[in-house]
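Structure first, commentary second.
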Amino acid sequence: MGFTIAEKIIRAHLVEGEAVKGNDIGLKIDQTLTQDATGTMAYLEFEAMGVPRVKTERSVAYIDHNTLQTGFENADDHRFIASVAKKHGIYFSRPGNGICHQIHLERFGIPGKTLIGSDSHTPTCGGIGMLAFGAGGLDVAVAMGGGAYHITMPKMVRINLTGKLRPYVSAKDVILEVLRIMSVKGGVGKIIEYGGEGVQTLSVPERATITNMGAELGASTSIFPADEITRQFMEAQERGDDFVPVYADDDAVYDEIINIDLSALRPAAAMPHMPDNVKSVAEIGPIKIDQVLIGSCTNSSLRDMLRVAAILKGKTVHPDVSLGIAPGSKQVFNMLAQCGALSDLIAAGARILECACGPCIGMGQSPNSGGISLRTFNRNFEGRSGTADGQIYLVSPETAAASAITGVLTDPTTLGECPEIQMPTHFLINDNMIVPPAPESEMDSVKILRGPNIKPFPVTKPLEKSFESPAVLKVGDNITTDHIMPAGAKILPFRSNIPYLSQFCFKQCDEHFAENCKKAGSAVIIGGANYGQGSSREHAALVPLYLGVKAVMTKSFARIHVANLINAGIIPLTFENEADYDAISKDDLLAFDGIRDAIASGAQSFAVQNKTTGKSIPVALDFSTRQREILLAGGLLNYTKQQNAL
Ligand code: MIC
Ligand code: SF4
């Protein structure tokens, strides 16, 4: 029996456990990346572990999220990260160099290697055949220290691509189709592998758009083979020597197979407020729009920007529309300038933004009240744009550009002949914004520069024998990390200040959440299915921890968030009978008698007592041995110190 691409890479990196579906496995991690919004915390955690120098083959710290500097906080964090990177052996990508995933694909990713990043879109590098996972900051800190990254061995899904995309139909339309088929929770516990003859018709940036947005499926990761097209891309990046072919065996076995005929796809859009709320642009019809934004780690490659420039050339942005464009990296930006395409964008009336995450994470460009905004981004969760009633549609760069001209949602295939674009055989290489670390011999003289905004992260204690806490909050299905710990220009600068952040926790669901937690002294959260989808931000666990949350009881969890809860020492519990979700009301008092012993003994089930109603509620203790030990220790940091594992 042959192996899938992911199985081959997993087997080559397996350091703990057996690669059997559903088992806990530990993987050796070759590369790590961080971005600044999660990086400050990750590096504080790394420092707390006391490892002097990273033990990975390559670790890179990017500054791309918190680039709007309306006070000292973000600039202080950038400086802190730069100094930690220099001291501890990490490459530092300066602000202005671009978005972590775009740059990592261009300059660092290597087929067949493993990567974890403190950002949920780290699977972007799956576009070149790398096994790349989004993870919490603490997991990344452990990997930098040489520790294994633990996951549950996923199921394997194969998406068979046949045919070829029609003119004006784009890689974004492919992943929107996958989202339509599988939904935002359809990928949980699965690795999505792309194969079939259609793969050869897709360039690396197109593949990366698809693997990037696999995060929205809830998948562990997504991956393409590394083939001749990958080799050409890497050679054009002057990295031909890093190329290694990576393929699935012909007789590889998959748990699920989905067939997509590329030639049958039409331009699509994800409608407010979920990435799987997908319809064809033609079906939605010509709704009037207020804003178009092009960029983000999903669609900011040179290929995407050249396409947009070709569509906008000689045209003017509709008078009722504001068009913002953020190229993904300095390489992309500079090449657009050199070939004149930037001039076409400017002439058409685009507002050129810095190459960074920008509006994707609510750093500026919030739409007008109730405004309809078309974005080439990957998430359209309610309120994420910074405008509470903003209506965000996720579309391809082609649909975005066409609509910016007409002022209404427009199917680009109606525009007539699709302008050809010429992709270079050689990219412009200039890594002058990537600062190498100090040599080991000089690391002791590097001073760490901390600003006043950096506060210590919450300290955890070993799990108590028993506890009683009220259900302070009850929420429904598909709660995102943006609900739990919102981002945006006003809040993001405080990512290293948990006490300050705590006042915004769950604000969208219950204005008084933080206050109520403080009043209660300790708390439990009740959630529906796919709780914690979206971002890798461990703040969505650390802030509730700070507020006294001890357990979260749900119908099901999203992968990265459940790992972050365990890493923070908060107990994630799933209802054995989903109907018991209805057996708890807000403010019911819940008793967890003997929870420590139950977890320590390896019990699979536990009865939570609802003291308000008298009902006993069975929940699953669905944990690996290692996860049990982490929970007992009061989180991964305590556990790592205890084990002296690094
Ligand atoms: C996001 O797209 O939500 C972010 C901001 O990139 C997050 C990370 C964060 O919250 O800092 C992610 O996707 O992990
Ligand atoms: Fe940045 Fe948006 Fe990508 Fe997150 S999804 S890494 S905020 S561009």
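The values are calculated or read from the model by the stated rules, or taken from the named source; none is laboratory data. Remember, predicted model here, so these are calculated numbers, not experimental data. Every residue, glycine among them, receives a Cβ derived from its backbone with ideal geometry; neighbour counts consider all protein chains shown. Note: areas computed on protein heavy atoms with side chains; ligands, DNA, RNA excluded. Shrake-Rupley method; radii C 1.70, N 1.55, O 1.52, S 1.80 Å.
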- line: The percentage of the accessible area of region 144-270 (probe 1.4 Å, all protein chains present) made up of carbon and sulfur atoms, to the nearest whole number, is 46
- line: Under 5 Å from the placed amide H of residue 475, counting only residues 5+ away or on other chains, we find 526, 527, 528
task: Would you work out what percent of the accessible area of region 1-125, with all protein chains in place, is carbon or sulfur (probe 1.4 Å)?
output: 49
field: Helix-derived mean residue ellipticity, 222 nm - over the chain, DSSP H n ≥ 4, -39500 (n - 2.57), to 500
entry: -8000 deg cm²/dmol
- prompt: Largest first, how would 593, 510, 431 line up by accessible area (1.4 Å probe)?
  reply: 593, 431, 510
message: Keeping every protein chain present and rolling a 1.4 Å probe, give me the accessible area per residue for region 341-488 in Å².
response: 42
message: Can you tell me the orientation of helix 330-339 relative to the chain, as the angle in degrees between its alpha-carbon axis and the longest Cα principal axis, to the nearest 10?
response: 10
field: Accessible area per residue, Å², region 245-318 with all protein chains present, probe 1.4 Å
entry: 40
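Suppose a student asked you for the relative contact order of the chain, using Cα pairs under 8 Å spaced at least 6 residues apart; what percent would you report?
15
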- request: Whole number in Å², please: accessible area per residue of region 566-646, 1.4 Å probe, ligands, DNA and RNA not counted.
  value: 43
- prompt: Which ³J(HN,Hα) values in Hz, rounded to whole numbers, follow from the phi angles of region 351-367 under the Karplus curve 6.51 cos²θ - 1.76 cosθ + 1.60, where θ = phi - 60° and Gly and Pro get x?
  reply: 8, 7, 9, 4, 7, 6, 5, x, x, 4, 10, x, 8, x, 6, 5, x
- request: Sorted from largest down, give the three principal axis spans of the alpha carbons of the chain, whole angstrom values.
  value: 70, 57, 57
field: Residue-wise HN-Hα coupling along region 508-521, computed from phi with Karplus coefficients 6.51, -1.76, 1.60 (Hz; x: Gly, Pro)
entry: 5, 8, 7, 3, 9, 4, 4, 4, 5, 4, 4, 4, 6, x
- line: Filtering GluC sites (Glu not before Pro) in region 341-436 by DSSP loop and by at most 15 other Cβ atoms within 10 Å leaves 417, 420
statement: Non-local residues with an amide H under 5 Å from the amide H of residue 155, with H modelled 1.01 Å from N and Pro and chain starts lacking one, are 190, 191
- prompt: So how exposed is residue 582, as accessible area in Å² (1.4 Å probe, rounded to 10)?
  reply: 120
field: Potential lengthening between residue 343 and residue 426 on full extension [0.36 nm per residue; Cα-Cα distance subtracted]
entry: 27.8 nm
query: With r defined as the distance between the Cβ atoms of residue 466 and residue 20 and R0 fixed at 41 Å, what FRET efficiency is calculated, to the nearest 0.05?
result: 0.75
Projected label distance in nm at residue 259 and residue 287, using a 7 Å step from Cα toward the beta-carbon: 3.3
query: Are there GluC sites (Glu not before Pro) in region 228-300 that DSSP marks as loop and that have at most 13 other Cβ atoms within 10 Å, and which are they?
result: 238
field: Accessible carbon and sulfur surface of region 505-646 relative to its total accessible area, %, 1.4 Å
entry: 45
statement: Between the Cα axis of helix 302-312 and the main Cα principal axis of the chain, the angle (0 to 90°, nearest 10) is 50
- line: Relative to the chain, whose Cα atoms define the longest principal axis, helix 559-568 and its Cα axis are tilted in degrees, nearest 10, by 40
- request: For residue 124, tell me the accessible area in Å² from a 1.4 Å probe, rounded to the nearest 10.
  value: 0
query: For the chain, what is the percent of antiparallel DSSP beta bridges, rounded to the nearest 5?
result: 35
query: At a probe radius of 1.4 Å, what is the per-residue accessible area of residue 221, in Å² to the nearest 10?
result: 0
